[in-house]
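Comments concern the structure below.
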Amino acid sequence: MIVVPRPAYSLREKVYFWEIAKGLLVTFGHLVRNLWGAASRSRTIQTWEYPEEPRPYPQRVRLLHRLVKRPDGTPKCVACYMCATACPAVAIEIIAEPSPDDAIEKRPISFVIDELRCVMCGFCVEACPKDAIRMDSEVGDLMGTRREDFLFTLDRLLEMKPRAGAYLGDRELEAKRKAGLI
Amino acid sequence: MAQETVKITINGKEVVAPKGTLIIEAAAQAGVEIPHYCYHPHLSRPAVCRMCLVDVEGQRKLQPSCSTPVQPGQVIRTDSPKVQEAVREVLEFTLINHPLDCPVCDQAGECGLQNNYQDYGLYNTKFTLPKVHKAKVQKIGPTLTLDAERCILCSRCVRFTDEITKTHEMGIMQRGDHAEIQAVKEVNNPYSTNLADICPVGALTQNDFRFKVRVWYLKHQQSICPGCARGCNIVVDHYRGEAQRMRPRNNNAVNQSWMCDDGRLLYKAIRNEDRLNAPMLRKDGKRVAVTPSVAFSEALRLLEKHAKHTATQGSASVSNEDAFALARLLKMMQAPVASSLRESPVGWEDDALLRRADRTPNRNGVSAFSGTEEFAVRLKTATLALVIQEDALPERSLYPQLAGVIYVGTHDCPTARSADVVLPMAMWAEYEGSFTNFQGRVQRFLSVVSAPEGVVPLWQLASRWSEAFGGKRYASAAEVFRAMATEHPLFAKMTFDGLGEIGLCAPSADQSKEA
């Protein structure tokens, strides 16, 4: 057993008031800086005025899903059910139908993600063989008053806009995105 | 006569196989799996896919195990580096022009290429040239879609149409890279969907099942096709409580590996719009839905009141257990036995392969519990009619002395519309039981999906009614079968579980009725 002796207090510490004043100086220092320097870089306060004050997202954050379109506006998705199979929350419901275009062959007639069930794990994005589903939309906050508000249908998922500056999590994909290929 | 046997060694394991067995079959019996595409137990063996190569000691070259019979003392290896390399190279060659269609391909999940790549391939492709493209999405018949690009030219479909149906629709055209499977005429023979089953890749897929469910979601249950007296052994694939497709199951004594196209669509009747889902009573000329217990008691009241004057029409579509329990009920009621079975409604001709003219699954079994008198004759004196499943009494007004009609069946029909009590019963896919096919083979089917709420099989209804007449109530189909086996010679020495996967033949029926 090792016994560590307590350090002896110095005279200044024993007086006590000096140390109190030192502590209060730190407290008031923060107060002043955050009162007048709220917008400045010197801000240290940890609470944010959300949602008036938006939070910058990290580059690789996963936000709500979106479905990617082909140049002609049809969904890239071929209803292969890989995402639905990979989904640990069983949040994705797909119904497939034959596509009129024989080169595409198969397309979703219905594609619904229940965002309330979604656990934002990103497995669907990993599983997609066509890069048709991504979690790089602008929308990170999920609000609604009814259950249906959280059921994202095919049309709604196709309308979701990509977020500027999103990083796809893969150097090759990122290079393609910058080159305007995807 | 004892069969001559041959002793061989496969992967260091001693195996005894009948003389003339192919190496691939002997290996399968010994639990050694040999990958293959073109080999099919019920087709000829052209040995074209070269996937089943094995090392036979003393032979300079690798041998195709699908066309090499076993020889005494043969030492065979399927796991040597030489074989593994050869199989990997053959697979890579097979896949050279195969498109990476897996996301849209219906075969994905039960694909010979996917499975064998995972088990024996796992190479990085050396092929960098563009692939040869061929015609996709060809509707070659009412039941099939052909994608020539996905084909690996195993020729199973060609051999099936040449050897089994003898309709010769499929052929391989061109040579080399351009060799392509083609339908030379519309594929609409009655067994065409078997092509989708035997196709080891996604080249031939079934229209009815196309894009419906991904196969890895499906659950499987062994069953018997109720489409005709053949009683093809099948597997019903189901998903979320709904049957999705039916496919044949191997039974060499009944249907080999095949079934007909009409049979495959019978799962649709389980949930169609005519299905009776709730019991109904007739009140003031109108039918009102009631709870199962109300309808059950009302039917029982009628049966008790008219016991001896009940005319019963049985059905050749119900299971042996159903027919037995009904016969026991009638005996307890002291009513005459069920009338003779009605003729099969829409007849097929018996054909050379599977289909039988009799389109009911269990005439052979049910007729053991039925009389020979016509239902119409018996109706003239009866005061209560009990009709099972058949549309036997569409014109009730012809029999004014009838005080009541009880209809027990699965689907709505004119008889059900004029009945006083309508009791829905479970369909073949919703309970377990047995059918006796035309050969006298008793085959078991298991419950695939659950019946609509409150709907039970006929044997349960009959055994519950018989309680009122002093009978015992059966707890399970196996218990009914046990009682049946002790009472009826057709089922002597059989047990319900003993029927197993391929069924049993009564010893007497075996020789006389084998086709």
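Solvent-accessible area assigned to carbon and sulfur over segment B:5-94 amounts to 50 percent, based on a 1.4 Å probe. Here segment B:391-500 carries DSSP beta bridges of which approximately 45% are antiparallel, counting only pairs with both residues inside.
Report, as an integer, the average count of C-beta atoms from other chains found within 10 Å of each Cβ along B:210-218. It would help to have the intermediate numbers written out before the result.
Numbers: counts 5, 11, 2, 2, 8, 0, 2, 3, 0.
Mean shielding by partner chains, rounded to a whole number: 4.
Given +1 on the Cβ of Lys and Arg, -1 on the Cβ of Asp and Glu, and no further charges, what dipole in debye does chain B carry about its Cα centre, rounded to the nearest 20? Kindly include the intermediate steps, with their values, before the conclusion.
Working: 60 positive and 57 negative charges, 80 e Å.
Computed charge dipole of chain B: roughly 380 debye.
Taking segment B:46-155, how many lysine pairs are there with alpha carbons less than 24 Å apart, if each pair must be eight or more places apart or span two chains? Provide the component values of the computation, followed by the final result.
Values: B:Lys61/B:Lys82; B:Lys82/B:Lys126; B:Lys126/B:Lys134; B:Lys131/B:Lys139.
Going through segment B:46-155 pair by pair, I get 4.
Partner shielding of A:77-90 amounts to 2, given as the average count of beta-carbon atoms from other chains within 10 Å of each residue beta-carbon. Simple rule: put +1 on each Lys or Arg Cβ and -1 on each Asp or Glu Cβ in segment A:1-104, find the dipole, and look at A:Leu11, A:Pro58, A:Thr85; the Cα lying farthest toward the positive end is A:Leu11.
Comparing each chain alone with all protein chains together (probe 1.4 Å, DNA, RNA and ligands left out), the residues of segment B:102-142 losing at least 40 Å² of accessible area are B:Pro103, B:Val104, B:Val137. Note on surface exposure: B:Lys134, A:Lys69 rank A:Lys69, B:Lys134 by accessible area, highest first, 1.4 Å probe.
The label-point distance for B:Glu273 and A:Tyr50, in a model that sets each label 7 Å from Cα toward Cβ, rounds to 5.2 nm.
Rounded to the nearest 20 debye, what is the charge dipole size of chain A about its Cα centre when +1 sits on each Lys and Arg Cβ and -1 on each Asp and Glu Cβ?
Working: 28 positive and 25 negative charges, 213 e Å.
The calculated dipole for chain A is roughly 1020 debye.
Roughly what % of Cα-Cα distances in segment B:280-513 sit above 23 Å, to the whole percent?
Details: 12735 of 27261 pairs.
Value for segment B:280-513: 47 percent of Cα pairs lie more than 23 Å apart.
Can you give the accessible area buried between chains B and A, summed over both chains, with a 1.4 Å probe, in Å² to the nearest 100? Could the numbers behind the result be given before it?
Working: alone 23240 and 13550 Å², together 35510 Å².
Heavy-atom accessible area buried at this interface is about 1300 Å².
The heavy atoms of B:Trp216 offer some 90 square angstrom of accessible surface to a 1.4 angstrom probe.
Antiparallel beta bridges, as assigned by DSSP with both residues in the protein assembly as shown, represent about 75 percent of the total such bridges. DSSP finds beta bridges in chain B, and of those with both partners inside it, around 70 percent are antiparallel.
Accessible area per residue for chain B, computed on protein heavy atoms with a 1.4 Å probe, is 44 Å².
Report the gain in length on full extension from B:Tyr217 to B:Glu4: 0.36 nm times residue separation, minus Cα-Cα distance, nm rounded to one decimal.
Details: separation 213, 0.36 × 213 = 76.68 nm, distance 4.48 nm.
Result for the pair: 72.2 nm of gain on full extension.
In a fully extended conformation the segment linking B:Glu85 and B:Asp497 would gain 143.9 nm over its present Cα-Cα distance, using 0.36 nm per residue. Bridging of A:Lys178 to aspartates and glutamates at a Cα separation below 14 Å is possible for A:Asp170, once same-chain residues fewer than 8 apart are set aside. Annotation for B:Ala307 and B:Asn250: the two label points, set 7 Å from Cα along the Cα-Cβ direction, are 5.3 nm apart. If you take the square roots of the eigenvalues of the alpha-carbon gyration tensor of segment A:38-182 and sort them as a ≥ b ≥ c, do you get rounded (a/c under 1.5), prolate (a/b over b/c) or oblate? Prolate.
By the gyration tensor of its Cα atoms, with a ≥ b ≥ c the square roots of the eigenvalues, what is the shape of the protein assembly as shown: rounded for a/c under 1.5, prolate for a/b over b/c, or oblate? Numbers along the way, then the final one.
Values: a/c = 2.20, a/b = 1.41, b/c = 1.56.
Oblate, since a/c reaches 1.5 and b/c is not below a/b.
Computed packing ranks the peptides A:116-122, B:144-150 as B:144-150, A:116-122, most packed first, by mean other Cβ atoms within 10 Å.
Listed by chain and number, the aspartates and glutamates whose C-alpha is less than 18 Å from the C-alpha of B:Lys283, apart from same-chain residues fewer than 8 away, are B:Glu298, B:Asp412, B:Asp420.
First compute the accessible area of segment B:225-268 with a 1.4 Å probe, then give the percent of it belonging to carbon and sulfur atoms. Intermediate values should be presented prior to the final figure.
Working: 620 of 1320 Å².
For segment B:225-268, the apolar C and S fraction of the accessible surface comes to 47 percent.
Set the Cα radius of gyration of segment B:286-362 against 2.2 N^0.38 Å, with N its number of residues, and you get 1.45. Peptides B:19-25, B:369-375 ranked from most to least packed, by the mean per-residue count of other Cβ atoms within 10 Å: B:19-25, B:369-375. Put the Cα centre of segment A:97-147 next to the Cα centre of segment B:1-29 and the gap is 53 Å.
Find the all-direction average of the projected area of the Cα convex hull for chain B, expressing the result in square nanometres with one decimal place. Show your work: numbers first, answer last.
On the way: hull surface 109.1 nm².
That works out to 27.3 nm².
Heavy-atom accessible surface of segment A:66-163, averaged per residue, reaches 52 Å², computed with a 1.4 Å probe. When every Cα-Cα distance of segment B:210-366 is counted in 10 angstrom steps from zero, the calculated P(r) takes the values 9, 27, 31, 23, 9, 1 percent. Model label points for A:Met143 and A:Ala179, set 7 angstrom from Cα along the Cα-to-Cβ axis, are 4.1 nm apart.
The values are calculated or read from the model by the stated rules, or taken from the named source; none is laboratory data. Since we're looking at a predicted model, the values are computed, not measured. Every residue, glycine as well, gets a Cβ built from its backbone with ideal geometry; the counts of neighbours run over all protein chains shown. In case anyone asks, the SASA skips ligands and DNA or RNA and just uses the protein heavy atoms, side chains included. Shrake-Rupley method; radii C 1.70, N 1.55, O 1.52, S 1.80 Å.
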